[in-house]
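Undergrad: Got a structure here, written out as structure tokens. Questions coming.
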Amino acid sequence: MGQYTVTYLGDSTSEPNHYYKVNYKRYDAAGKIVEDFELKPHAQISAEMGLTSSPDTRHYLFHDLYTHVTALPIPKSANTGDAQTAASHGDAENDDKNYDAPVTHEIAVGDTIRYREGYMILKGMKKETAIQNIPLTDSDIAIGAQLEIVSNNKTYTAEPVYLIRGKGVYYFDRKAEDAGLKLRLSKILPDKNKVEITVYQQPENKKPWIVMRALDFPYINFLWSGTLIMIIGFLLSIFRRNKELKTV
């Protein structure tokens, strides 16, 4: 987009505003990054008013860069962020249909899983003491897989959990929405000193998207300076006129 390489990183919600993270990079002739920043234009969506956009701005000495959203899909009613689901329930199984066919990987701590848009590393295993406000008893065994995810030069974390309760096994998936992933710790393999991670990826056509516009306003600071000078001059003329009236 012009002199910038632009990447849509994802969104977040702070009602009533929806914020959309857009990364800008500018490279020199040698391919070195000379600028790297994020803008977060936001929008409000309602049935009565439709889409109401507010820009975010990058300020420079002689120009400003405005970014605003012009179209987007209907946002999810659920909270954004690293959503949490229990894969042992029917609603989670239905959620699996929103992803490509899952791929399983047997890995040990320190191993890397590569996927379409990046990679993830199993940083460690952790014994959980609580899961989504579910109290655990002494007979429960809950293990979390600490995953570090790298996608589009951004780093995320996720910790899917494997729970053994009585004779049942329960999976607590973790989503990295900005990376388009859902992750499941599907097996513990003590004989191999490994675990099985199941990776779900969003299809390309279901990934979040926005339509945005970027406007470069040259010499915008001169416009604001001129406006400020006009206001000051107008106020001075009022003070002077009042002073003249008092002396008459």
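Undergrad: Mind ranking 38-50, 180-192 by how tightly packed they are, going by the mean number of other C-beta atoms within 10 angstrom, highest first?
TA: 180-192, 38-50
Undergrad: In nanometres, what is the gap between the two model label sites at Ala47 and Met230, each 7 Å from Cα along Cα-to-Cβ?
TA: Taking the two extended label points, one gets 4.3 nm.
Undergrad: Given a Förster distance of 22 angstrom, what is the FRET efficiency for Asp216 paired with Glu148, based on the Cβ-Cβ distance and rounded to 0.05?
TA: So the FRET efficiency works out to roughly 0.05.
Undergrad: Hey, what angle do you get for helix 220-247 against the long axis of the chain, alpha-carbon based, 0 to 90 degrees rounded to 10?
TA: 40 degrees
Undergrad: Let me ask something else. Given charges of +1 on the Cβ of Lys and Arg and -1 on the Cβ of Asp and Glu, with all other atoms neutral, how large is the dipole of the chain about its Cα centre, in debye to the nearest 20?
TA: 680 debye
Undergrad: Limiting things to C-alpha atoms, what are the Rg and the maximum Cα-Cα separation (Dmax) for the range 122-248, in angstroms?
TA: When restricted to the Cα atoms of the range 122-248, Rg and Dmax are 30.8, 102 Å.
Undergrad: At 20 °C and a viscosity of 1.002 mPa s, what translational diffusion coefficient does Stokes-Einstein give for the chain, taking Rh as the Kirkwood radius over Cα pairs? Give it in µm²/s as a whole number.
TA: 97 µm²/s
Undergrad: Taking the mean number of other Cβ atoms within 10 Å as a proxy for protection, how do you rank 99-110, 148-159 from highest to lowest?
TA: Going by the mean number of other Cβ atoms within 10 Å, highest first, we get 148-159, 99-110.
Undergrad: Lys and Arg at +1, Asp and Glu at -1: add these up for the other residues within a Cβ distance under 14 Å of Tyr119 and post the number.
TA: Its environment carries a net charge of +1.
Undergrad: Using alpha carbon centroids, what distance separates the range 1-32 and the range 94-144, in Å?
TA: Each part reduced to its Cα centre gives a spacing of 29 Å.
Undergrad: Run a plain Debye calculation on the range 1-68 (Cα atoms as equal point scatterers, no solvent) and give log10 I(q)/I(0) at q = 0.29 Å⁻¹, rounded to two decimals, same order as the q list.
TA: Log-scaled intensity ratios, in q order: -1.29.
Undergrad: Once the Cβ-Cβ distance between Ala101 and Lys25 is put in as r, and R0 is 35 Å, what FRET efficiency do you end up with, to the nearest 0.05?
TA: Calculated value: 0.55.
Undergrad: Separate question: If I model a spin label at Ile164 and Glu117 as a point 7 Å from the Cα along the Cα→Cβ vector, what separation in nanometres do I get?
TA: 3.6 nm
Undergrad: Right, next: Relative contact order for the chain using alpha-carbon pairs under 8 Å, separation at least 6, rounded to a whole percent? Numbers along the way, then the final one.
TA: Numbers: 458 pairs, mean separation 45.0, N = 248.
Answer for the chain is 18 percent.
Undergrad: What's the extension gain from Val109 to Tyr60 if we count 0.36 nm per residue and subtract their Cα-Cα distance?
TA: In short, 13.0 nm is gained.
Undergrad: If you don't mind, another one. If each residue of separation counts as 0.36 nm, what is the full-extension length gain between Ile238 and Trp209 once their alpha-carbon separation is subtracted?
TA: Gain on stretching Ile238 to Trp209: 5.2 nm.
Undergrad: Among Lys40/Lys182; Lys182/Lys207; Lys154/Lys175; Lys97/Lys127, which pairs are too far apart, with a Cα-Cα distance over 18 Å?
TA: Numbers: Lys40/Lys182 25 Å; Lys182/Lys207 13 Å; Lys154/Lys175 15 Å; Lys97/Lys127 30 Å.
Beyond 18 Å: Lys40/Lys182; Lys97/Lys127.
Undergrad: When only the heavy atoms of the protein chains count and the probe is 1.4 Å, how do Thr13, Thr67 rank by accessible area, highest first? Display every interim value, and only then the final one.
TA: Numbers: Thr13 55, Thr67 0 Å².
Of Thr13, Thr67, the descending order of accessible area is Thr13, Thr67.
The values are calculated or read from the model by the stated rules, or taken from the named source; none is laboratory data. These figures come from a predicted structure and were not determined experimentally. Virtual Cβ from ideal backbone geometry, glycine too; neighbours counted across all protein chains shown. Only protein heavy atoms, including side chains, enter the accessible area calculation; ligands, DNA and RNA are left aside. Shrake-Rupley method; radii C 1.70, N 1.55, O 1.52, S 1.80 Å.
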